[in-house]
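Okay, so here's the structure we're looking at.
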Amino acid sequence: MNAPENQQPLQRAPLMALSEALSDLLSRVEPLGSTDDIPTFEADGRVLAEALTSALSVPALDNSSMDGYALRCSDVSEVSAVLPISQRIPAGHEAQPLEPGTCARIFTGAPLPEGADAVVMQEETREVSGDMHAVHIDILPKPGQWVRRAGEDVTRGTVVLPKGQVLSPAEIGLAASIGMARLQVVGRPRVALFSTGDELVMPGDVAPQDMKPGAIYNSNRFFLRAMLERLGCEVSDLGIVPDSRDKTLAALKSAADHHDLILTSGGVSVGEEDHIKPAVQALGSLDLWKIAMKPGKPFAYGTVRRDAGAGAEQASPCHFIGLPGNPVSSFVTFMLLVRPFLLKLQGAATSAYKPAFRPVMLPAHFTVTKAEKRREFLRVRRNANGGLDLFPNQSSGVLTSAVWGDGMVDNPAGATIAHGDLVPYIPFADLLG
Ligand code: AMP
Ligand code: MG
């Protein structure tokens, strides 16, 4: 039966594609303006606020990559030629110009003496019997062999790390190699974290045998805090906020002034025990999204006004993100949505979060026979045969799937998977820092 045009039958709002949700979320965030000047030692996980240009070449001088003898190739006309040893150059010591017709005892990292054009490794030399001051060269060396050229790693004057670079151990090492003891990094996002739910109990507060029926331990708080810290955030953990409108309002109000983001888990559905929506709306604005993904359908983005008169930084409202309560949904939406958001907030280069992940194709050593309506992120792990195994229970409440698994398969809506199909695999390790 056709309904008249102005009396459409009630329809469910269409689900939002994950890619659309991510673009929308990213469009609402601008990088923080603040910077910190910090010791390079403490820069792991931070984002460079300015490009690093090298004031020197690395290595600064041509040097040896082997323990052996530095020489001029033209002085070795035949295998097992004998060359007198005219100097000894340990790493960190200066070299004298190489006397013609001689070689220099040299060690890894030591500067090549002027005039030398190659190094012969000590395994390809022999002592001259009865003469400590000469050596047999048992090969015909080629110019350049076992020589590290000045500037082959870094050329003086070049940008070694761009503004917006997310720093990890390798980048910190490279910064140190050009002499940087301190770095200018973008300020840490200040994040207020709270969990909602009357059923939640903190581990340590109640022993397992004393848990009331219906009570559960607050697990989200632990992994969310760890994930935030790995992303360089300064976390204020506000603990558990009960399912009450007043308590939720109070928590939001007190958090908004001094934070860049309020992150919550739970309470973003539309049951009458879900108080996040009305509370955030009373203090700012909130959009509840139903994202076409599994796990992780309910997700909320909003803003919370800051206290007027609390200073210039209060001009813009505090961001609000509400994650679903189910642990795996919370875990997955954090990785796929909150992580890119925080990277942009910290001024990371766009390539760090767009796309949010770069899957590799690996063969499925499992089957999915029932097609899902939503794009699904299946918890899997690599096996010893180069394929992926599937965790048998994909429920959004089963956190074991994220522990057993080492990543996810991004399975499009409506797709089944046959054994051996190449499927897009995203390692968790790519999404947790
Ligand atoms: P909600 O989104 O509040 O309806 O919660 C959905 C499910 O997630 C419920 O089974 C909750 O008990 C559970 N849940 C919510 N918050 C947490 C949490 N912090 N830790 C563990 N489970 C949670
Ligand atoms: Mg709840």
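For the reader, a short list of remarks on this structure follows.
- Looking only at region 194-215, residues that are acidic (Asp, Glu), within 27 Å of Leu261 (Cβ to Cβ) and away from ligand 2 (no atom under 16 Å from the Cβ) come to 1 in all.
- For region 346-355, residues that are buried (at least 19 other Cβ atoms within 10 Å of the Cβ) and under 13 Å from Arg46 (Cβ atoms) total 3.
- Taken together, the residues in region 248-261 that are aliphatic (A, V, I, L, M) and open to solvent by less than 10 Å² (accessible area, probe 1.4 Å) amount to 4.
- Residue within region 233-247 that is open to solvent by 60 Å² or more (accessible area, probe 1.4 Å) and away from ligand 1 (no atom under 16 Å from the Cβ) present: yes
- On the stretch given as region 269-287, residues that are open to solvent by 10 Å² or more (accessible area, probe 1.4 Å) and touching a Phe, Trp or Tyr at 6+ places or on another chain (Cβ under 8 Å) total 3.
- For region 160-188, the set of residues classified as part of a loop (DSSP other than H, G, I, E, B) and open to solvent by 30 Å² or more (accessible area, probe 1.4 Å) consists of Pro162, Lys163, Gln165, Ser168, Gly179, Met180, Ala181, Arg188, listed by residue number.
- Given (1) over 30 Å from Arg156 (Cα atoms); (2) over 22 Å from the mean Cα position of the chain (by Cα), index of the condition Gly68 fails: (1)
- Qualifying residue in region 176-193 (condition: charged (D, E, K, R), within 16 Å of ligand 2 (Cβ to nearest atom) and outside the structural domain of Val398 (by TED's automatic domain parsing)): no
- Residues in region 264-301 that are part of a strand (DSSP E or B) and either touching a residue at least 40 places away in the same chain (Cβ under 8 Å) or within 16 Å of ligand 1 (Cβ to nearest atom) (or both): 13 in all.
- Gly197 being in contact with a Gly (Cβ under 8 Å, 6 or more places away or on another chain) and within 19 Å of Leu342 (Cβ to Cβ): no
- Some residue of region 116-134 being touching an Asp or Glu at 6+ places or on another chain (Cβ under 9 Å), open to solvent by less than 40 Å² (accessible area, probe 1.4 Å), assigned to a loop (DSSP other than H, G, I, E, B) and modelled with pLDDT of 95 or more: yes
- Output for region 71-106, where each listed residue is farther than 20 Å from Gln122 by Cβ and under 45 Å from the mean Cα position of the chain (by Cα): Glu94
- Taking (1) under 28 Å from Leu345 (Cβ atoms); (2) within 14 Å of ligand 1 (Cβ to nearest atom); (3) outside any helix (DSSP H, G or I) in turn, Asp198 satisfies each apart from (1).
- Here Ala356 clears all of (1) within 24 Å of Gly433 (Cβ to Cβ); (2) free of Cβ contacts under 8 Å to residues at least 12 places away in the same chain except the condition numbered (2).
Here is a yes/no grid of residues against (1) open to solvent by less than 80 Å² (accessible area, probe 1.4 Å); (2) out of contact with any helix residue (DSSP H, G or I) (no Cβ under 7 Å at 6 or more places or on another chain):
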site	(1), (2)
Glu30	no, yes
Asp36	yes, yes
Phe41	no, yes
Asp44	no, no
Glu50	no, yes
Val58	yes, no
Ala70	yes, yes
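- Scanning region 208-229 for residues that are more than 30 Å from Val47 (Cβ to Cβ), open to solvent by 40 Å² or more (accessible area, probe 1.4 Å) and outside any helix (DSSP H, G or I) yields Met211, Lys212, Pro213, Gly214, Ile216, Tyr217.
- Members of region 397-424 found to be open to solvent by 30 Å² or more (accessible area, probe 1.4 Å) and of a type in the set (S, T, N, Q), listed by number: Thr400, Thr416
- Identity of the residue in region 266-303, within 16 Å of ligand 2 (Cβ to nearest atom) and of a type in the set (Asp, Glu), that ends up farthest from the chain's Cα centre (by Cα): Glu272
- Of the residues making up region 243-265, just one is within 32 Å of the chain's Cα centre (by Cα) and more than 22 Å from Arg28 (Cβ to Cβ), namely Ser254.
- In region 119-139, the residues that are farther than 21 Å from Pro90 by Cα reach residues that are part of a helix (DSSP H, G or I) with C-beta atoms within less than 6 angstrom, at least six apart or across chains, in these pairs: Asp138/Glu124; Ile139/Glu124.
The values are calculated or read from the model by the stated rules, or taken from the named source; none is laboratory data. Note that the structure is a prediction, hence the values are computed from the model and not measured. Here Cβ is always computed from backbone atoms with ideal geometry, including for glycine, and neighbour counts include all displayed protein chains. For the accessible areas, the whole protein counts, side chains as well, though only heavy atoms, and no ligand, DNA or RNA atoms are used. Shrake-Rupley method; radii C 1.70, N 1.55, O 1.52, S 1.80 Å.
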